1. Out of the range 456-484, which residues are buried (at least 20 other Cβ atoms within 10 Å of the Cβ) and modelled with pLDDT under 85?
2. Based on what the data block shows, is residue 642 at positive phi and surrounded by 21 or more Cβ atoms within 10 Å (Cβ to Cβ)?
3. Given the conditions (1) at pLDDT below 90; (2) more than 26 Å from residue 342 (Cβ to Cβ), and given that residue 370 satisfies all but one, which numbered condition is not satisfied?
4. Could you list all residues from the range 414-427 that are at pLDDT below 90, exposed (fewer than 15 other Cβ atoms within 10 Å of the Cβ) and assigned to a strand (DSSP E or B)?
5. Could you say whether any residue in the range 341-348 is farther than 26 Å from residue 442 by Cα and touching a residue at least 12 places away in the same chain (Cβ under 8 Å)?
6. Of the residues that sit in the range 494-506 and are crowded, with 17+ Cβ neighbours inside 10 Å and part of a strand (DSSP E or B), which one is modelled with the lowest pLDDT?
7. Go through the residues of the range 122-131 one by one and say whether even a single one is within 26 Å of residue 372 (Cβ to Cβ), modelled with pLDDT of 90 or more and not in a helix (DSSP H, G or I).
8. Filtering the range 609-625 down to residues that are at pLDDT below 95 and buried (at least 19 other Cβ atoms within 10 Å of the Cβ), which residue is farthest from the chain's Cα centre (by Cα)?
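The values are calculated or read from the model by the stated rules, or taken from the named source; none is laboratory data. Computed from a predicted model, the values in this text were never measured in an experiment. Here the Cβ positions follow ideal geometry from the backbone for every residue, glycine too, while neighbour counts run over all protein chains shown.
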């Protein structure tokens with residue numbers, strides 16, 4: 001752990017580097033770095049898709065963060081957290097490959113072991129299951145070309161969730177391309193990836209096979225994941241059909257979290273109870289979808305998508321075993337009408353799914369339930385561009401969710417029940433004004449909401465909770481985007497304010513029972529900064545040097561919350577770093593050599609609602625070196641190696657909020673982060 005003074009020094013250093021970058025970028029460059037889609041530091045125009053209209057990032061009327069090209073595979077490319085923690089306003093904690101949590105602007109911090117309150121999509125096909133859990137970390141990063149993070153409600157096709165959405169996109173089609181990647185690292189970590197694409201006049205296809213396995217540095221921490229993904233596109237006159245399928249098989253040991261003593265003295269240990277039963281989880285998942293795009297005339301387009309998701313998983317635990325599966329389907333439609341200055345969009349989505357789960361211990365059935373959910377969302381948007389400088393969006397959405405619980409275990413009485421949430425209306429307005437080619441201002445205000453997960457909808461006794469309410473709130477944001485120093489630098493700064501009612505809190509009743517409660521009112525305020533620039537660009541040594549800096553300042557407080565006789569008004573929400581800094585340098589001293597360094601600071605955060613326990617945070621450094629051994633117009637062979645956690649920092653990569661000690665044991669707040677580790681590999685493309 002680092003002390004507060006170290007945290008302040010790190011902030012000072014990062015901001016000093018920002019000033020230094022600005023000064024150096026203002027000097028003459030021999031050849032300014034152009035925007036390229038295959039580089040980590042992108043300074044050219046970036047197009048975004050997640051807001052349901054393709055437009056340059058600088059014209060978007062709201063906050064959105066984008067990672068493209070090699071930026072998706074920084075470091076050893078085995079951990080999504082390394083990639084998206086480079087984005088301001090996003091904090092991903094990863095206990096190991098199979099246990100992680102993504103928080104966007106303070107939303108989602110209360111989920112114990114996974115990502116909730118945030119939806120994730122792959123080519124607009126949902127990755128989020130019927131239990132509300134998203135597992136984007138199971139996608140092989142070499143299979144992605146672009147990641148877009150929408151922060152807050154956008155009242156668009158994805159629904160006006162307060163947490164926003166994580167949108168993943170596979171590579172575009174090429175004439176013919178083969179890509180192979182293999183690497184080996186500490187703790188017998190092996191990653192392999194193979195992908196290929198082909199393009200014809202009417203039919204194009206891309207596919208990948210990936211495998212990741214590791215013994216893990218902790219006891220009971222082994223991990224294996226194999227995935228097959230394929231996309232295809234069929235073009236005909238006036239219409240196009242796109243298809244996607246993703247199959248994932250996973251088997252992972254669960255070392256779980258540790259109390260303070262073990263965390264400090266033996267971080268490689270597993271929690272004793274989980275080690276004793278050799279706890280693990282395994283799953284088989286499928287995601288598939290087909291989209292038909294129809295061009296009705298020169299102004300009118302229609303996009304229809306049908307999709308299905310399925311998951312069969314099993315988890316062995318000390319207190320009981322969970323056997324669950326889900327199966328769902330849905331469809332969405334988007335109709336677009338364009339004029340010279342406007343674009344009108346109307347659409348809707350319907351999703352139906354079934355979630356079944358059973359609990360047993362020593363082959364004795366403890367519980368068995370199923371929950372059916374139906375959800376629809378209707379939305380409309382208009383984009384108005386009266387001139388080349390002004391972009392205005394008006395949007396609204398209305399959605400409703402209902403569910404029915406069926407109790408299949410008669411021994412504890414019939415706890416079946418149903419719940420239908422009221423219609424929720426969510427408006428949004430956004431504006432972007434480009435003063436000139438260098439300066440653009442933007443702002444937005446929007447309503448959003450999130451619904452409870454199946455686990456949260458139940459009372460401790462297993463009955464449906466009729467009083468649990470969706471969390472709802474308003475988000476306000478304003479920002480500025482700057483192209484600086486003859487477009488050799490890019491800056492995006494955002495201020496946001498979220499007023500939230502009925503925050504959904506997952507409360508631990510006992511070691512194996514969780515339930516959901518509403519936590520009154522909370523307030524989330526923050527500042528986000530993203531800065532990219534080129535120091536210099538020469539055709540000879542010292543070559544090219546670019547960098548990317550992101551900074552987030554986050555203040556999240558309970559305004560009104562009383563639970564079990566405790567008043568938490570004015571307390572900080574736990575599980576959210578008060579600040580994060582990521583600074584990345586990419587240096588090409590010669591044409592075929594690249595050196596990448598990454599510094600990441602996670603600031604202090606509280607561990608419980610009373611703010612009685614606090615974690616001071618940590619500072620990490622990573623290093624990667626790559627060299628092109630062979631390069632021609634059609635073939636490239638690259639070798640690479642790197643070191644993660646260069647300073648061998650002892651830190652907690654994930655924290656368990658409001659952990660409790662059972663049977664006199666310490667509260668297990670801490671998931672130890674990996675010590676210094678190494679990797680090397682080769683990459684071939686044809």
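1. Our first condition is that a residue be buried (at least 20 other Cβ atoms within 10 Å of the Cβ); within the range 456-484, this holds for 456-458, 468, 471, 473, 475, 477, 479, 481.
Result: 456, 457, 458, 468.
2. Details: at positive phi: no; surrounded by 21 or more Cβ atoms within 10 Å (Cβ to Cβ): yes.
Spelling it out, it is not the case that residue 642 is at positive phi and surrounded by 21 or more Cβ atoms within 10 Å (Cβ to Cβ).
3. Tallying (1) at pLDDT below 90; (2) more than 26 Å from residue 342 (Cβ to Cβ), residue 370 fails exactly one: (1).
4. Once the filter is applied, which keeps residues that are at pLDDT below 90, exposed (fewer than 15 other Cβ atoms within 10 Å of the Cβ) and assigned to a strand (DSSP E or B), the range 414-427 yields 418, 420.
5. So the first thing to find is which residues in the range 341-348 are farther than 26 Å from residue 442 by Cα, and the list is 348.
Checking the rest, the ones that are also touching a residue at least 12 places away in the same chain (Cβ under 8 Å) come to 348.
Among the residues of the range 341-348, at least one is farther than 26 Å from residue 442 by Cα and touching a residue at least 12 places away in the same chain (Cβ under 8 Å), which makes the answer yes.
6. Filtering the range 494-506 down to residues crowded, with 17+ Cβ neighbours inside 10 Å leaves 494, 496, 498, 500-506.
Filter again for part of a strand (DSSP E or B), leaving 494, 496, 498, 500-501, 504-506.
Numbers: 494: 96, 496: 96, 498: 93, 500: 90, 501: 90, 504: 77, 505: 74, 506: 70.
Per the stated criteria, the residue is 506.
7. Start the filter on the range 122-131 by keeping residues that are within 26 Å of residue 372 (Cβ to Cβ), which leaves 122, 124-131.
Those left that are additionally modelled with pLDDT of 90 or more: 122.
With the extra rule that they be not in a helix (DSSP H, G or I), the set shrinks to 122.
Within the range 122-131 (the criterion being within 26 Å of residue 372 (Cβ to Cβ), modelled with pLDDT of 90 or more and not in a helix (DSSP H, G or I)), the answer is yes, since at least one residue qualifies.
8. Selected residue: 609.
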